Amino acid sequence: MNTTGTKALAAGGAAVVVLIAGCGQGVAKDAAASAGTKPKGSHSYKLQHTDIHYGGPKNRFESQLKLPDGRRVAMHYLDKKGLYVQDYSPKERGWSKPKNIYRTKTDVCQGITLKHRAGTVAAIADWALYCYDGEPPQESLAAVSTGRLTKWDRHLTRSFDGWAKADITKNGKQVTFKYNSDRLKWTKAKGFPKNPLSD
């Protein structure tokens with residue numbers, strides 16, 4: 001009996017077993033690493049930007065603000081499509097899928113105003129065909145969101161100069177949109193007054 005050959009064969013077999021086991025661990029590690037690089041959850045998107053770049057800086061038709069808890073809210077116009085919003089999760093380190101909160105084919109009129117206080121975010125956006133000629137917005141949107149920032153209450157005013165600012169109370173339960181003597185109030189309990197604009 002060739003004991004030398006038997007020992008070599010046994011050693012070779014052991015090496016093959018070790019090699020296969022090692023490969024299995026390597027494959028498992030590679031799969032885990034690969035899975036770790038894939039974005040998960042609802043905040044796995046990149047921040048989107050406006051596709052409108054006329055009439056001033058490239059970011060004129062988008063706006064972003066940061067909340068005290070590290071979350072962010074960003075809005076941008078898309079040409080002939082309306083207004084989109086995303087929110088950023090510091091935990092998931094990513095943005096939510098862009099969501100259209102007002103659809104219109106009218107040209108944008110002005111920039112987007114975003115304001116935050118006590119967990120409430122308010123937004124103002126406007127559209128008009130002849131805004132650069134001095135005409136008032138044909139569509140002026142006031143919007144408010146609270147909590148997880150996934151749902152927005154909206155109110156549209158037509159043929160109006162557009163809201164100049166939004167005042168939020170210290171507790172975040174009321175927002176007053178203002179333009180000169182005009183007022184529009186949103187409350188956490190009742191939302192906006194009745195309006196033709198609906199989800």
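The values are calculated or read from the model by the stated rules, or taken from the named source; none is laboratory data. Quick caveat: nothing in here was measured; it's all calculated off a predicted structure. No Cβ is skipped: glycine too gets one built from the backbone with ideal geometry, and neighbour counts run over all protein chains shown. The protein model used for the area step is the full one, side chains on, heavy atoms only, and it has no ligands, DNA or RNA in it. Shrake-Rupley method; radii C 1.70, N 1.55, O 1.52, S 1.80 Å.
Send over a whole-number figure in Å² for the accessible area per residue of segment 63-110, probe 1.4 Å.
Using a 1.4 Å probe on heavy atoms only, each residue of segment 63-110 averages 51 Å².
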- Where the accessible area of segment 121-186 is counted over protein heavy atoms with a 1.4 Å probe, how much of it, in %, is carbon and sulfur? 44
- Message: Could you compute the net charge surrounding residue 118? Neighbours are other residues with a C-beta less than 13 Å from the C-beta of residue 118; K and R count +1, D and E count -1.
- Response: +3
